[in-house]
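J.: Sharing a structure here in structure tokens format.
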Amino acid sequence: MVVSQDTATLVASLQEYSGSKLRHAGDLAILIELSRSGNQQQVLEDLSFLSKFLVNTRAVMDRVGKGGEGYDKLSFQFTENLEKASTFVRLLVKESPDETKRHFTSTYFSMTPAALSSLMELFYDISWLKNWNIDHSPLRDG
């Protein structure tokens, strides 16, 4: 799928902003482009919020450990929001070309440990969009 110059520029800025930590920059660009072309910017905004939540929650879960206090509650919230975030990705990709749909399905939504790992990496990348939006908010700059 071809992305606009505006989207490519944004993703290049995100890559620099993240310290070159984006692992799925091309797919992030596709999601941004699909949100813009499908007038679904709110879906992308909600997805970026949930992605940041998921990345942070997973880090806390890893730090606390399975037997740690509050782990079960965190695990429940993580699973619930993982499903919501996955639904948002599917919603964005829904009207994309068949090749794009196949790519996202096989890379992120097949029922394999590798797909779950890739999905979490994608959410990590999307969380940088949320951080970018916070740091570049008109309210913050003004």
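J.: Inside the stretch 84-95, can you point out the residues that are in contact with an Asp or Glu (Cβ under 9 Å, 6 or more places away or on another chain) and farther than 19 Å from R23 by Cα?
T.: Hits for the stretch 84-95 are K84, F88.
J.: Within the stretch 7-28, restricting attention to residues that are touching a residue at least 12 places away in the same chain (Cβ under 8 Å) and more than 21 Å from A114 (Cα to Cα), which residue is surrounded by the most Cβ atoms within 10 Å (Cβ to Cβ)?
T.: Among those that are touching a residue at least 12 places away in the same chain (Cβ under 8 Å) and more than 21 Å from A114 (Cα to Cα), it is V11.
For every residue, the table says whether it meets (1) buried (at least 17 other Cβ atoms within 10 Å of the Cβ); (2) part of a helix (DSSP H, G or I); (3) β-branched (V, I, T).
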{"site": "T87", "(1), (2), (3)": "no, yes, yes"}
{"site": "E95", "(1), (2), (3)": "no, no, no"}
{"site": "R102", "(1), (2), (3)": "no, yes, no"}
{"site": "S106", "(1), (2), (3)": "no, yes, no"}
{"site": "A114", "(1), (2), (3)": "no, yes, no"}
{"site": "L129", "(1), (2), (3)": "yes, yes, no"}
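J.: Please work out if E83 is at pLDDT below 95, more than 17 Å from A29 (Cα to Cα), surrounded by fewer than 15 Cβ atoms within 10 Å (Cβ to Cβ) and out of contact with any Leu (no Cβ under 8 Å at 6 or more places or on another chain).
T.: The answer is no for E83.
J.: Being in a helix (DSSP H, G or I), among the aliphatic types (A, V, I, L, M) and over 22 Å from N131 (Cα atoms), is that true of even one residue in the stretch 52-69?
T.: yes
J.: For the stretch 31-41, give me each residue that is in contact (Cβ under 8 Å) with a residue 24 or more places away in the chain and part of a helix (DSSP H, G or I).
T.: L31, I32, E33, L34, S35, R36
J.: If you scan the stretch 9-30, which residues turn out to be part of a helix (DSSP H, G or I) and over 20 Å from D135 (Cβ atoms)?
T.: G26, D27, I30
J.: Go through the stretch 41-54 and give me each residue that's of a type in the set (A, V, I, L, M) and either within 11 Å of N81 (Cβ to Cβ) or touching a strand residue (DSSP E or B) at 6+ places or on another chain (Cβ under 6 Å) (or both).
T.: Those that are of a type in the set (A, V, I, L, M) and either within 11 Å of N81 (Cβ to Cβ) or touching a strand residue (DSSP E or B) at 6+ places or on another chain (Cβ under 6 Å) (or both): L47, L50, L54.
The values are calculated or read from the model by the stated rules, or taken from the named source; none is laboratory data. Here the structure is a predicted model, which means the values were calculated and not measured. Please note: Cβ atoms are built from the backbone with ideal geometry, for glycine as well, and neighbour counts cover all protein chains shown.
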